[in-house]
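Quick notes on the structure that follows.
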Amino acid sequence: YLMEHQGGELPASYDELQKVKGLGPYTIGAILSFAFKQKAPAVDGNVLRVLARYYCIEEEIDKGPTKRKIESLTQEILPEDEPWIVMEALIELGALVCKKIPQCTVCPLKASCLAFQNCKAELLPRKSKGLKTLHLHRLVAIIDTGQEVLVRKGAAGKVMADLWEFPYFERGVNVEEALGIPLEPIEKFPEVTHGFTRYKAYLYPHLYKAKKEELPSYEWVSYKELSLRPFSAGHRKSLHHFKALRRCSFSSSHGKILLN
């Protein structure tokens with residue numbers, strides 16, 4: 001998208017960054033703040049926790065109006081001079097001091113923190129009960145011809161839309177039967193776990209050798225092209241293991257840059 005619409009460069013405005021799929025409010029704020037040195041709120045979980053306590057906000061922080069309120073407060077407290085330093089300080093304060101169990105005795109803001117003054121630091125922030133996390137167990141098939149690998153693009157409207165993935169199936173499914181092509185098992189890669197929306201996925205990646213056959217909904221991609229495709233987070237970890245195994249095949253000057 002950036003190559004096609006932005007001349008290969010990240011834009012420096014919120015509206016333009018919002019058009020790039022995969023960039024949410026926090027990432028956009030972080031880019032504007034830390035890359036372009038702008039006065040922009042980068043509100044992650046750490047900042048939500050810090051400011052919910054500092055202002056003694058008792059509304060549930062996982063609700064949209066509360067998040068927007070804290071983003072607005074963040075914008076207000078950022079100084080005009082070097083605002084990115086304060087933005088980073090708020091993130092680090094939440095990561096190192098104002099943690100889930102707050103360390104108020106060493107906090108540099110305790111004297112003005114409303115939650116500390118009202119003995120509510122350990123009670124805040126509040127969250128709604130939310131939906132139960134669903135656990136997914138998937139067998140991931142990395143199918144290699146020696147020159148190309150089988151992948152597919154996430155369907156439009158799905159959680160991983162426009163991101164690339166290896167073929168995956170419910171654990172226990174026979175991959176040969178599911179794909180309809182003969183496979184030679186080569187190696188088992190390390191298990192991968194990752195979370196998205198209300199799911200926690202456990203991925204069990206296996207490497208297979210196969211001859212190239214056309215398969216509906218899938219695409220055979222060369223090693224070089226594989227490095228240019230945006231993969232979903234869990235599958236990207238398996239891709240790194242595959243690259244390490246086939247490092248010599250990714251050793252073109254272009255590939256070296258992408259591997260670093």
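Return a yes/no flag: does region 84-105 have any residue that is farther than 26 Å from Leu23 by Cα and touching a Phe, Trp or Tyr at 6+ places or on another chain (Cβ under 7 Å).
Looking for residues that are farther than 26 Å from Leu23 by Cα and touching a Phe, Trp or Tyr at 6+ places or on another chain (Cβ under 7 Å), one finds at least one in region 84-105, hence yes.
Name every residue in region 174-211 that is among the basic types (Lys, Arg), more than 30 Å from Asp62 (Cβ to Cβ) and in contact (Cβ under 8 Å) with a residue 24 or more places away in the chain, in order of residue number.
Matches in region 174-211: Lys209, Lys211.
Please list, ordered by first then second residue, the pairs with beta carbon atoms under 8 Å, 6 or more apart or interchain, first in region 108-120 and without any contact (Cβ under 8 Å) to a residue 24 or more places away in the chain, second open to solvent by 70 Å² or more (accessible area, probe 1.4 Å).
Note: pairs meeting the criteria are Lys110/Phe116.
Pairs needed: first member in region 25-52, farther than 15 Å from Asp15 by Cβ and of a type in the set (D, E, K, R); second member anywhere, assigned to a helix (DSSP H, G or I) and open to solvent by 10 Å² or more (accessible area, probe 1.4 Å); C-beta distance under 8 Å; at least 6 residues apart or different chains.
Listed pairs, sorted by first residue: Lys37/Trp84; Lys39/Gln75; Asp44/Tyr26; Asp44/Ile91.
List every residue pair whose Cβ atoms sit under 6 Å apart, with the two residues 6 or more apart in sequence or on different chains, where the first one lies in region 86-101 and is assigned to a helix (DSSP H, G or I) and the second, anywhere, is among the small types (Gly, Ala, Ser) and surrounded by 16 or more Cβ atoms within 10 Å (Cβ to Cβ).
Met87/Ser33; Met87/Ala42
Checking the condition more than 23 Å from the chain's Cα centre (by Cα) and assigned to a helix (DSSP H, G or I), which residue from Thr105, Thr74 passes?
Only one candidate qualifies: Thr105.
Just for region 153-181: of the residues that are within 22 Å of the chain's Cα centre (by Cα) and open to solvent by 60 Å² or more (accessible area, probe 1.4 Å), which one is modelled with the lowest pLDDT?
For region 153-181, the residue satisfying everything is Gly157.
Would you pick out the residues in region 41-60 that are outside any helix (DSSP H, G or I) and surrounded by fewer than 21 Cβ atoms within 10 Å (Cβ to Cβ)?
Those that are outside any helix (DSSP H, G or I) and surrounded by fewer than 21 Cβ atoms within 10 Å (Cβ to Cβ): Asp44, Tyr55, Cys56, Ile57, Glu58, Glu59, Glu60.
Of the residues Asp15, Asp81, which single one is among the charged types (D, E, K, R), surrounded by fewer than 13 Cβ atoms within 10 Å (Cβ to Cβ) and either assigned to a loop (DSSP other than H, G, I, E, B) or in contact (Cβ under 8 Å) with a residue 12 or more places away in the chain (or both)?
None of the others qualify; the one that does is Asp81.
Given (1) modelled with pLDDT under 90; (2) more than 30 Å from Leu51 (Cβ to Cβ), where does Gly130 come up short, assuming only one miss?
Checking Gly130 against (1) modelled with pLDDT under 90; (2) more than 30 Å from Leu51 (Cβ to Cβ), the one that fails is (2).
Looking only at residues that are closer than 13 Å to Ala40 by Cα and not β-branched (Val, Ile, Thr) in region 64-78, which one is least open to solvent (accessible area, probe 1.4 Å)?
Leu78
So in region 199-228, with the set limited to residues that are in contact with a His (Cβ under 8 Å, 6 or more places away or on another chain) and among the aromatic types (Phe, Trp, Tyr), which one is surrounded by the most Cβ atoms within 10 Å (Cβ to Cβ)?
So the residue we want is Tyr204.
Being surrounded by 12 or more Cβ atoms within 10 Å (Cβ to Cβ), among the small types (Gly, Ala, Ser) and touching a His at 6+ places or on another chain (Cβ under 9 Å) narrows it down to one residue among Ala141, Ala115; which is it?
Ala141
The values are calculated or read from the model by the stated rules, or taken from the named source; none is laboratory data. None of the values given here were measured: they were computed from a predicted structure. Quick reminder, even Gly has a Cβ in these numbers, built from the backbone with ideal geometry, and neighbours come from all protein chains shown. Accessible surface is based on the protein model in full, side chains and every heavy atom, while ligands, DNA and RNA are left aside. Shrake-Rupley method; radii C 1.70, N 1.55, O 1.52, S 1.80 Å.
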